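Asker: One structure coming up, written as structure tokens, with questions to follow.
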Amino acid sequence: MMDAMTDPMTNHVSTHAAEEDIRNESILIYVNGRIVPKNQALISVYDSGFMLGDGVWEGIRLYDGKWAFITEHMDRLYEAAKAIDLDIGMTPDQMISAVLETQKANGMHTDAHCRLMVTRGVKTRPFQNPRLSQQGPTVAIIMEHSRPKLPRPITLATVPHLRGLPMTQDPKLNSHSKLNCILACIAAQKAGADEALMLDVHGFVNTTNACNFFIVRKGEVWTSTGDYCMNGITRQKVIDLCRENGIPVFERNFSLVDTYGADEAFLTGTFGAQTPVGIIDGRQIGTGQMGPMTERLRGLYKALIARS
């Protein structure tokens, strides 16, 4: 069977490629305090998230009965909600309880992915003004059985779409408004790649449309300054692991020239952890396969998850 996140016409893959799992047809979903079957998990067309992309979200991963770094994910969710002046109406502990309740209802123990979404809620009229959202927030938790399955390293293409300045739409926000990243992904796929490599406003290499981006050069691990990208939790864990294990790591500006000459490249994200990159803009990176540093960091990250 074709991979769930592979395009059968172009053989594109995704950093969120996962094995098919028939159990996902009968999952239960949390919506505003109720846990209901998938086909009953409905949101109003007047909801702010549907109508305007007005909301924030988190992705969390379940390993051996534990939601990895869930406290840090909650901290980021509530910080984002405060930034957009959205009152979630639940404490972080109550939100964690909702996640655990949904997990229990689905009988999940490992290899599950949770997408936790909060919007400003149902609007009284179909217009932009946030004061029209008067019924309180919408909270939804989608939890799926999900084991990553990547048939080959990811290919990237550099696109003209940039991660914006903080005074436009701050790229540090994990918001529902993802159109800029979707357009970047479309441009990359039109160019024959899997996903997009995005630059910052100064032309330095920044991030991809879905994940944080790293390169390895002569034993050193480089990533962007973090000024214009989502400051991913997995990104920070990789930086911390490098520092704890004597691996030189730098948050710095670097160019496409530096990138094309890298020995390795990889992406970080909650779902795929560390995903190898084989080709960028038609140029093979290193051997085109997972490099030794990426493999080492994957091992260190797996050990971190096990002891967390």
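Asker: Restricting to Cα pairs below 8 Å that are 6+ residues apart, what does the relative contact order work out to for region 44-173? Please round to a whole percent. Mind showing how you got there, number by number?
Answerer: On the way: 180 pairs, mean separation 37.9, N = 130.
Value for region 44-173: 29 percent.
Asker: Considering the convex hull of the alpha carbon atoms of the chain, report its projected area averaged over all viewing directions, in nm², one decimal. Don't jump to the answer; show the numbers that get you there.
Answerer: On the way: hull surface 63.3 nm².
For the chain, the mean projected area of the Cα convex hull comes to 15.8 nm².
Asker: Through the Karplus equation 6.51 cos²θ - 1.76 cosθ + 1.60, θ set to phi - 60°, convert the phi angles of region 149-159 into ³J(HN,Hα) values in whole Hz; use x for Gly and Pro.
Answerer: 9, 10, x, 6, x, 5, 10, 10, 10, 6, 10
Asker: Amide H neighbours of Lys123 under 5 Å, at least 5 residues apart or on other chains, H built in the peptide plane: list them.
Answerer: Asp47, Ser48
Asker: Is the shape of region 25-178 rounded, prolate or oblate, going by the alpha carbon gyration tensor and its root eigenvalues a ≥ b ≥ c, with a/c under 1.5 for rounded and a/b larger than b/c for prolate? If you can, show how the numbers build up before the last one.
Answerer: Details: a/c = 1.62, a/b = 1.12, b/c = 1.45.
Oblate, since a/c reaches 1.5 and b/c is not below a/b.
Asker: Can I ask one more? Assuming a ≥ b ≥ c are the square roots of the Cα gyration tensor eigenvalues, decide whether region 135-205 counts as rounded (a/c under 1.5), prolate (otherwise, with a/b larger than b/c) or oblate. If you can, show how the numbers build up before the last one.
Answerer: Numbers: a/c = 2.46, a/b = 1.12, b/c = 2.19.
Here region 135-205 falls in the oblate category.
Asker: With the dipole of the chain worked out from charges on the C-beta (+1 for Lys and Arg, -1 for Asp and Glu) around the Cα centre, which of Val122, Asn245, Asn209 lies farthest toward the positive end?
Answerer: The residue sitting farthest along the positive end of the dipole is Val122.
Asker: Take region 157-308, compute every pairwise Cα distance, and split them into 10 Å bins from 0; I just need the percent in each bin.
Answerer: Calculated over all Cα pairs of region 157-308, the distribution is 11, 43, 35, 10, 0 percent.
Asker: Next question. Along the charge dipole of the chain, Cβ charges K/R +1 and D/E -1, which of Met293, His73, Ala17 sits furthest on the positive end?
Answerer: His73
Asker: Give a quick list of trypsin sites (Lys or Arg not before Pro) in region 192-258 that DSSP marks as loop, anything other than H, G, I, E or B, with at most 16 other Cβ atoms within 10 Å. Write down the numbers at each step before the final one.
Answerer: Values: sites: Arg217, Lys218, Arg235, Lys237, Arg243, Arg252; in loops: Lys218, Arg252.
Qualifying residues, ordered by number: Lys218, Arg252.
Asker: Now for a separate question. Over 26 Å between Cα atoms, which of Lys38/Lys123; Lys149/Lys178; Lys104/Lys178; Lys66/Lys218; Lys149/Lys172; Lys178/Lys302 qualify? Write down the numbers at each step before the final one.
Answerer: On the way: Lys38/Lys123 24 Å; Lys149/Lys178 24 Å; Lys104/Lys178 30 Å; Lys66/Lys218 36 Å; Lys149/Lys172 28 Å; Lys178/Lys302 29 Å.
Table pairs above 26 Å Cα-Cα are Lys104/Lys178; Lys66/Lys218; Lys149/Lys172; Lys178/Lys302.
Asker: I've got another one for you. Can you find, among His113, Phe266, Gly53, the residue sitting farthest towards the positive end of the charge dipole of the chain, where Lys and Arg contribute +1 and Asp and Glu -1 at Cβ?
Answerer: Gly53
Asker: A further question on this structure: Rank by packing, highest mean first: peptides 186-195, 92-101, with packing defined as the count of other Cβ atoms within 10 Å averaged across residues.
Answerer: Working: 186-195: 19.3, 92-101: 15.4.
Those peptides, ordered most packed to least, come out 186-195, 92-101.
Read-outs: derived from the displayed coordinates by stated rules, not from any lab. All values reported here derive from a predicted model rather than from experimental measurement. Note that each Cβ is placed from the backbone with ideal geometry, even for glycine, and that neighbours are counted across all protein chains shown.
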